[in-house]
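Just so it is clear, none of the values below were taken in a lab; they were calculated from the coordinates. These numbers come from a predicted model, not from an experiment. All Cβ positions, even for glycine, are placed from backbone atoms using ideal geometry, and neighbour counts span all protein chains on display.
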Amino acid sequence: MIRMSKMWLALVALAFVSSVAVGAHAQQAKIGVVDVDQAINATEDGKKVRDELERKAREAEAELKPMIDRYKTLAEEVQAKKFVLSEEALLQKQGELANLEATIKSRQQELESKLKNQNVLLVTPLQKKLADTIAAIGKEQGYTLIVQRNSPFVMYSKEALDITDLVVSKFNGN
């Protein structure tokens with residue numbers, strides 16, 4: 001089903017490009033290609049977002065580190081004393097270890113989810129602004145079609161068609 005829809009979209013895009021080229025008669029089709037990920041990462045706002053997300057990831061790691069260190073220490077203690085401790089004491093330590101492991105995993109999942117949400121909150125406005133910038137360039141410079149480089153429908157494009165640097169420059173206000 002997904003494969004058919006992708007194939008259908010590719011055919012629609014090909015038909016569009018073909019009809020534009022044929023329908024324009026004297027007008028040459030002007031096509032641009034943009035690497036959206038590269039553009040976002042190269043913009044000033046994109047760099048700020050990346051720095052912010054990296055900072056939040058470091059904070060999450062710092063929050064988990066004491067728990068992980070405690071887990072390692074407790075695991076080493078259990079391993080070193082497993083023959084000396086009574087069965088009851090050993091079971092208690094193993095239970096403590098299991099609880100700590102579950103706590104770490106749970107908190108790690110929470111933090112990962114929080115980071116993903118932050119990523120969406122911070123990147124989505126950039127993507128919208130970038131799409132607006134691309135549309136403005138398309139209108140101002142008479143592009144017939146601008147496609148995303150990493151799209152599954154773009155198998156090849158000449159470097160001369162790449163307008164990523166132009167998009168980044170306009171996005172940054174230069």
* Cα centroids of region 143-159 and region 91-106: how far apart, whole angstrom? -> 51
* Asked: In straight Cα distance, which aspartates and glutamates are under 15 Å from Lys114, not counting same-chain residues fewer than 8 positions off?
  -> Glu52, Glu54, Glu59, Glu61, Glu63
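Within region 32-139, report the trypsin sites (Lys or Arg not before Pro) that DSSP leaves as loop and that have at most 15 other Cβ atoms within 10 Å. Before the final figure, lay out the partial values.
On the way: sites: Lys47, Lys48, Arg50, Arg55, Lys56, Arg58, Arg70, Lys72, Lys81, Lys82, Lys93, Lys105, Arg107, Lys114, Lys116, Lys128, Lys129, Lys139; in loops: Lys82.
Here the sparse-neighbourhood loop sites are Lys82.
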